[in-house]
Every structure is written in structure tokens, then in C-alpha cells.
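Single-structure report; data block below.
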Amino acid sequence: MGTPAFAATVLEGLLGDERYQIQAVVTQPDRLVGRKRELKMTPVKELALVNDLPVYQPEKLSGSPELEELMTLDADGIVTAAFGQFLPTKLLDAFDFAVNVHASLLPKYRGGAPIHYALINGDERAGVTLMEMVKEMDAGDMIAQDSLAIEESDTVGSLFEKLAILGRDLLLTQLEPYVQGALKPIPQDPAEVTFSPNIQPEEERLDWNKTAVQVFNQVRGMNPWPVAHTHWQNQRLKVHAVKVVDGQGAAGEIVYRDKKALHVATGEGAIALQVVQPFGKGKMSVQDFLNGLGRDVKVGDRFE
């Protein structure tokens, strides 16, 4: 059970391991995406179809006909990874085991956006946890964990790819000993629990009163989705990439500008815009922006 590319990497690992036979795949329904509102399959569904696997896509698993059919499968257990729905207790009880590959070092960052929060909060490390599934969100006992260092160049996109591989390998090395009873899961410490709910639209807006490092972390913690933004000439300007530079001024004030660079003051320090996206346009380098739509931007102007 899974939906995004992270989950597809985990599924691909299981498909390549002769110890396991996938009986069915459960993923979110196809969605309309992009400006053209094109119907798009999930990465997990795409991989499942290539491998001729049965695919179930209930809008809500609980109480669905798909749930009843899944419970009749001759399967030993369930593996989930970024599925996006709660699993009913009725389903969990129908199998010998149910485990989840979660992209955080639990009990830190329960919820749907752990990788975003690890970057936004400036964490030094990120990781994955293999855990038992329970009805409560990401609250099951922990079977195993692994971690890696977060690099300064990492974004949500790059960290998703790294942690997907880490999670795949953790599952493939630890699932068999867990099922055989050689690993004893450890309960999560309630005192250490933190949450990482899905990013809300208001959180995407840059707060120039934060420090330069915090702005840098917010931008990379939303790249490539949902993308941080500010406002310029009363229109949204998406900010895909920045770097920390020297400079000072009022928060949001442009403190340096030439044909190739644009530096903006924050509450402490400054950042250089690198890749932006004006309203209604595609992504572009700040140099292209300054030589086109932003040709009239000058030192002293302020982003809202």
C-alpha cells in the first residue's frame, strides 16, 4: 500500500526480492493535476501495472468493497509506505503482520510531511523507521531505524530519493527477521513525539523577518513542492532556490542588485535569489528574471 515515488521505490525492492510475492497493490485514486488538469496515475500504480499486479484504488478504504476483497486474499501481511490513508483495525487484524516504512526517525515527525519538516527545521540528520501498523497515525512500535546526514544541497526532492532507497533497504534486511520473531519492536516514547502535518498554504509564504538560514531552509524544505513564495508587485513570486549571503537591511528589502544577482535582507543576514517563478510564468534563473520581467527591480525595493 503506497502512493508516491517514495512508495514505488519500496515496492520495486519487494518485487526484486524472490522471498516475496506481491498479491495486490493498493494506492490512492487517479487525480487531476497541473494547469491542464490531466488525470494522472500514482507512481505506485504505474509500477504495479508494468508488473501485471492487481491494483485497488478506494477513495476511502474503510467500509469499501475493496476492503472486503483485500481481506480474502491469501496473503501473509501488509507493507505500507506513504499510502495516505488510515488502515482499519478490521484489515490489520486479518493478516499476520502489517508494517510501515515511515520517512522519519520516530517518534519524531509523525504525519504526512516528515521530510519537509526535517529540512525546514534545519535538522542535521534524517532517517526512516520500520514500524508496526496500528490505527493511530504512525504510533506503532518501532522495528528498526536507519539514518543519513542532510547535506546543504539537499531539497525535499533529493532527500525523498535518498530516504526511499534507505527505507527500501531497511525493509528488505529487517522484514524477514521481524516476521520470524528475531526482532522485538520497541514502543515509542510519548514524551518524544512530534508531528509533521501536511504543509498548509499559509506556511508556503516566506517570512522575511526570519533569519537568512531559516529562509534558506524554508525554500529548500518546499522544493520541488509545494514551493515557497513571496509577493512582488502584488503578485505571487515563487522562490525555488536561494543561498545565504552577507548583507543587512530591513526585512524583505533588496540590498544588492546587478545583472546577475539579487540579494534580499532578512531578519538576520541576507539571501541571494537563484531560481524564481513569476506569476503565470515558468521557472527561470534570477539572471533571466532581472533581464526580463524584473528589469525595473532596484535596491531599496521590498518584497511583501
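Taking the Cα centre of segment 201-290 as the origin and placing charges on Cβ (Lys, Arg +1; Asp, Glu -1), which of V245, A212, A261 is farthest toward the positive end of the dipole?
So the residue furthest toward the plus end is A261.
Counting each DSSP H run of 4 or more residues in the chain as -39500 (n - 2.57), what helix-only mean residue ellipticity at 222 nm follows after dividing by all residues, to the nearest 500 deg cm²/dmol? Walk me through the numbers before you get to the answer.
Values: 8 runs with 74 residues, N = 304.
Value at 222 nm, helices only, nearest 500: -7000 deg cm²/dmol.
Calculate the dipole size of segment 170-244 relative to its Cα centre from +1 charges on Lys and Arg beta carbons and -1 charges on Asp and Glu beta carbons; express the result in debye to the nearest 20. Don't skip to the end; give the middle numbers.
Details: 7 positive and 7 negative charges, 81 e Å.
That gives segment 170-244 a dipole magnitude of about 380 debye.
By counting other Cβ atoms within 10 Å of each Cβ, how are H240, H116 ranked from fewest to most? Could you put the intermediate results ahead of the total?
Numbers: H240 21, H116 26.
Starting with the residue having the fewest Cβ neighbours, the order is H240, H116.
May I ask you to list the residues of segment 1-35 whose amide nitrogen lies under 20 Å from a point 7 Å from Cα along the Cα→beta-carbon direction of T72?
22-27
Quick check on the exposure proxy: order V242, V193, V275 from fewest to most C-beta atoms within 10 angstrom. Please list the in-between numbers first.
Working: V242 26, V193 14, V275 17.
So the ranking, lowest neighbour count to highest, is V193, V275, V242.
Assign unit charges at the C-beta atoms only (+1 for Lys and Arg, -1 for Asp and Glu), then state the dipole size of the chain relative to its Cα centre in Debye, rounded to the nearest 20. Before the final figure, lay out the partial values.
Values: 30 positive and 42 negative charges, 338 e Å.
Around 1620 debye, computed over the chain.
Mind listing the phi-derived Karplus ³J(HN,Hα) values for segment 77-91, rounded to whole Hz, using 6.51, -1.76 and 1.60 with θ = phi - 60°, and x for any glycine or proline?
Listing the rounded values in order: x, 10, 10, 10, 7, 6, 6, x, 9, 6, 9, x, 4, 4, 6 Hz.
How much of the DSSP beta bridge set in segment 5-192 is antiparallel, as a percent to the nearest 5?
Numbers: 15 of 21 bridges.
Bridges in segment 5-192 that DSSP calls antiparallel: roughly 70 percent.
By its C-alpha gyration tensor, with a ≥ b ≥ c as the square roots of the eigenvalues, how is the chain shaped: rounded for a/c under 1.5, else prolate for a/b larger than b/c, else oblate? Don't skip to the answer; put the middle values down first.
On the way: a/c = 2.71, a/b = 1.98, b/c = 1.37.
Judged from the Cα gyration tensor, the chain comes out prolate (a/c at least 1.5, a/b above b/c).
State to the nearest 20 debye the size of the charge dipole of segment 201-290 about its Cα centre, where the only charges are +1 on K and R beta carbons and -1 on D and E beta carbons. Could you put the intermediate results ahead of the total?
On the way: 11 positive and 9 negative charges, 75 e Å.
Value, rounded to 20: 360 debye.
Treating cross-link reach as a plain straight distance, find the aspartates and glutamates whose alpha-carbon is under 15 Å from the alpha-carbon of K60, omitting any fewer than eight places away in the same chain.
D30, E68, E69
Among I199, G111, L73, pick out the residue whose Cα is farthest towards the positive end of the charge dipole of the chain, where Lys and Arg carry +1 and Asp and Glu carry -1 on C-beta, about the Cα centre.
Of the listed residues, the answer is I199.
Any idea how far the Cα center of segment 29-83 sits from the one of segment 226-304, in Å?
41 Å
Mind running the shape call on segment 34-140? Use the C-alpha gyration tensor, a ≥ b ≥ c as the square roots of the eigenvalues: rounded below 1.5 for a/c, prolate if a/b tops b/c, oblate otherwise. Walk me through the intermediate numbers first.
Numbers: a/c = 2.04, a/b = 1.24, b/c = 1.64.
It is oblate, given that a/c is not under 1.5 and a/b is not larger than b/c.
What's the exposure ranking of T89, T230, T72, going from fewest to most Cβ atoms within 10 Å?
Values: T89 12, T230 21, T72 8.
Least to most surrounded, the residues fall as T72, T89, T230.
So if we plug the beta-carbon distance of D93 and W225 into 1/(1 + (r/R0)^6) with R0 = 45 Å, what FRET efficiency do we get, rounded to 0.05? Please list the in-between numbers first.
Numbers: r = 35 Å, r/R0 = 0.79.
After rounding, the FRET efficiency stands at 0.80.
When the distances between all Cα atoms of segment 196-304 are binned every 5 Å from zero, what whole-number percent does each bin get?
The distribution over segment 196-304 is 2, 14, 25, 28, 20, 8, 2, 1, given as percents.
With the cut-off at 24 Å, tell me which of the pairs K45/K184; K45/K281; K210/K243; K259/K283; K108/K135 have Cα atoms farther apart than that. Let's see the in-between values first.
On the way: K45/K184 33 Å; K45/K281 31 Å; K210/K243 14 Å; K259/K283 18 Å; K108/K135 18 Å.
Long pairs (Cα-Cα over 24 Å): K45/K184; K45/K281.
Computed from the coordinates by the stated procedures, all read-outs in this text should not be read as laboratory data. It should be emphasised that the depicted structure is a prediction, and the values quoted were computed from it without experimental measurement. No Cβ is skipped: glycine too gets one built from the backbone with ideal geometry, and neighbour counts run over all protein chains shown.
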